[in-house]
Amino acid sequence: MSALAAIGLCVVPAPDIAQDDLDGALASMSLQVTTDPSTIACRRLETINPASLVFLPLRRTFNEDFDEHPLTNGRWVPHYAGGAAWPEARYWGGDGSDFKRKTSANGEQQIYVDPRYAGRAAAPLGLDPFKVKDGVLSIVASRTPPELKPALFNNEYISGILTTQGTFAQKHGYFEIRAKVPVGHAVWPAFWMLADDGGWPPEVDVLEGRGEKPGDLVMTTHWRIPSTQKIQSCGFDFAVGDASSTFHTYGVLWEEDRLVYFIDRRPVSDIKVPIGFDDPMYMIVNLAIGSKFFLGVGPVDAESPPSVAFEIDRISAYQNRYAAGAEIAMAIDVSRRDLAKLAGLAALGAAARVSAAENEGGALADRHAPAPFPKDFLWGTATSSYQIEGAVDEDGRGKSIWDTFSHTPGKIEDGTTGDRANEHYHRYKEDVALIKALGVKAYRFSIAWPRVFPEGTGQSNPKGLDFYNRLVDELLANGIEPYATLYHWDLPQSLQDRVGGWQSSDTSKAFADYAGYVAARLTDRVKNIFTVNEVGRFLNFGYGWGIDAPGLRLSTAQLN
């Protein structure tokens, strides 16, 4: 939730939709949306030409009614689940606050807790900011008990945050919260979304409360200009007089061409989708306390309430009912065999929807109708070596920077490493069988550089390349086209130690030698090879912000 100097003011007229119609999250519904050309300069929709409105049919993809504690069903994570790509938002605060428990850039003066959170203490403190009663969740922020301040990094308040990163993310669709917006000095409730890949921006602020300004709320879009790297924000304040005492719905519709913001399912503003909105987004709901520059919030002082609650009736997500290629990501605890079955059923379901559309006479009579995939479109799956192979000490493999990083205390929240992972090194035949069962015809895998050259350069390791030869042969025997990636971030640790990794041109030369060695031995069967996976991501996260291996925090000048 970044700060914003929002512009404009729009008084929302009384909604035409009865409140009873907004109470529940219907399995399917139609949402009235704008269709006239939108501009990059966001606009308030104070008057709308009725001829520009159409009804968009939606199907529900996510719903939380809060009939039970939010941490019991696996949908929510009570802290920032993944690193963000903006350096000043590393989720540190106070005098060195706990990782992922607050942001520092905004000047927030709370720390996000949950019953299992211990802070600096040796045992969980049992603090629970999430209260559920009669199907309503209250995120409660309260003054930190003096005796707990040392354990909680001297933060003034304790509060709560819930995110769906790692459990649910979606590209395009309608996202909605039904809530009361609390007021009070330094009170900052919000419902917002970030890219699931951890990047920032984009950011969509569906709802932010203005602290001590009753009935005043803001809805905002944030994006980055690639040529200048400057952050742009555009949004408006809206007046909803009884927002603090009455439940209202606040939502955003993310389409391919525009973002439309809604209050009680009436469009109130829209903007052409800026550049950078490429990945699925996950949802965040939180009650922050304190701000350096968010108008109407300000820092904590004696006038700040001792306790305040953000009441939430439900949070829901929808997608175009006819979108066969919906991008939705959910974490599901299933076995390897069950995963293949589920994916196969999903593929059959998608095929059935396309078939139904064809039987109805081709393209659906709707501007949102999906375009058909080309006949030669190739469906496939993809992995990366360190995430699945395991066998890190077998058959001559050298160490990678991810071996070192994941074994460094505090770098990986739960201490997980890739030492064993999915045991793909030993179970590749089973995995290829699963890929075949999905019915896809391509598999993109990455080659572990330190498995082929344990020291990064010098003597090769024939046993390491033998594994990929066996994998390629198994894929081809099962009618699956192999796609190889030469570098998916697992740089040989020896190169990092000797020359500074990608800070040195020696690493580029070593990579060229490694690439030539692999190509000479695999391209008789592997016709498609990728060189480097997501250059900008691994450089920024690994060398700029210290979030990924090798965990360095270089200056901008050094990075460039």
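Okay, here's what the table says:
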| read-out | value |
| --- | --- |
| Residue in region 410-433 that is in contact (Cβ under 8 Å) with a residue 60 or more places away in the chain, within 26 Å of GLY458 (Cβ to Cβ) and in a helix (DSSP H, G or I) present | no |
| Sole exception among (1) in contact with a Lys or Arg (Cβ under 7 Å, 6 or more places away or on another chain); (2) surrounded by fewer than 18 Cβ atoms within 10 Å (Cβ to Cβ) for THR485, by number | (2) |
| Scope region 135-148; condition among the aliphatic types (A, V, I, L, M) and open to solvent by 30 Å² or more (accessible area, probe 1.4 Å); matching residues | VAL140, LEU148 |
| ASN478 being polar (S, T, N, Q), surrounded by fewer than 19 Cβ atoms within 10 Å (Cβ to Cβ) and out of contact with any helix residue (DSSP H, G or I) (no Cβ under 8 Å at 6 or more places or on another chain) | no |
| Residue list for region 486-508, restricted to those being closer than 11 Å to TRP449 by Cβ and not in a helix (DSSP H, G or I) | LEU486, TYR487, HIS488, TRP489, ASP490, LEU491, PRO492 |
| Of all residues in region 149-179 being open to solvent by less than 40 Å² (accessible area, probe 1.4 Å) and either part of a loop (DSSP other than H, G, I, E, B) or out of contact with any strand residue (DSSP E or B) (no Cβ under 8 Å at 6 or more places or on another chain) (or both), the one that is farthest from PHE55 (Cα to Cα) | ALA151 |
| Qualifying residue in region 219-233 (condition: among the β-branched types (Val, Ile, Thr), more than 23 Å from GLY166 (Cα to Cα) and crowded, with 22+ Cβ neighbours inside 10 Å) | yes |
| Residue match in region 420-436 (condition: within 16 Å of LEU491 (Cα to Cα) and either out of contact with any Ser or Thr (no Cβ under 9 Å at 6 or more places or on another chain) or at pLDDT 95 or above (or both)) | no |
| In region 123-134, the residues that are surrounded by 12 or more Cβ atoms within 10 Å (Cβ to Cβ) and either in contact with a strand residue (DSSP E or B) (Cβ under 7 Å, 6 or more places away or on another chain) or farther than 15 Å from TYR157 by Cα (or both) | PRO124, LEU127, PRO129, PHE130, LYS131, VAL132 |
| Single residue of region 514-560 satisfying the filter (β-branched (Val, Ile, Thr), in a helix (DSSP H, G or I) and within 20 Å of LEU495 (Cα to Cα)) that is modelled with the highest pLDDT | VAL518 |
| Pick from region 226-253, criterion at pLDDT 95 or above and under 21 Å from the mean Cα position of the chain (by Cα), ranking: farthest from HIS172 (Cα to Cα) | TYR250 |
| Qualifying residue in region 215-225 (condition: among the hydroxyl-bearing types (Ser, Thr, Tyr) and more than 20 Å from the chain's Cα centre (by Cα)) | no |
| Qualifying residue in region 531-539 (condition: under 23 Å from ALA382 (Cα atoms), in contact with a strand residue (DSSP E or B) (Cβ under 8 Å, 6 or more places away or on another chain) and open to solvent by 30 Å² or more (accessible area, probe 1.4 Å)) | yes |
| Qualifying positions in region 459-488 - closer than 16 Å to ALA515 by Cβ and either modelled with pLDDT under 95 or basic (Lys, Arg) (or both) | none |
| Selection from region 205-225 of residues that are touching a Ser or Thr at 6+ places or on another chain (Cβ under 6 Å) and over 17 Å from PHE175 (Cα atoms) | PRO214 |
| Among (1) among the acidic types (Asp, Glu); (2) in contact with a Ser or Thr (Cβ under 8 Å, 6 or more places away or on another chain); (3) open to solvent by less than 20 Å² (accessible area, probe 1.4 Å) - the single one ASP257 does not satisfy | (3) |
| Hey, GLU212 of a type in the set (D, E, K, R) and within 20 Å of MET281 (Cα to Cα) or not | no |
| Neighbours by Cβ (under 8 Å, 6+ apart or cross-chain): first from region 217-235, touching a residue at least 24 places away in the same chain (Cβ under 8 Å) and of a type in the set (D, E, K, R); second open to solvent by 70 Å² or more (accessible area, probe 1.4 Å) and in a strand (DSSP E or B) | ARG224/GLN232 |
| Per-region count, region 274-290, residues at positive phi and part of a strand (DSSP E or B) | 0 |
| Residue list for region 282-295, restricted to those being out of contact with any Asp or Glu (no Cβ under 6 Å at 6 or more places or on another chain) and either within 20 Å of PRO201 (Cβ to Cβ) or open to solvent by 10 Å² or more (accessible area, probe 1.4 Å) (or both) | MET283, ILE284, VAL285, ASN286, SER291, LYS292, PHE293, PHE294, LEU295 |
| Any chance PHE511 is buried (at least 17 other Cβ atoms within 10 Å of the Cβ) and either in a helix (DSSP H, G or I) or at pLDDT 90 or above (or both) | yes |
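The values are calculated or read from the model by the stated rules, or taken from the named source; none is laboratory data. Owing to the predicted nature of the structure, the values given are computational and were not obtained by experimental measurement. All Cβ positions, glycine included, derive from the backbone under ideal geometry; neighbour counts span all protein chains shown. For the accessible areas, the whole protein counts, side chains as well, though only heavy atoms, and no ligand, DNA or RNA atoms are used. Shrake-Rupley method; radii C 1.70, N 1.55, O 1.52, S 1.80 Å.
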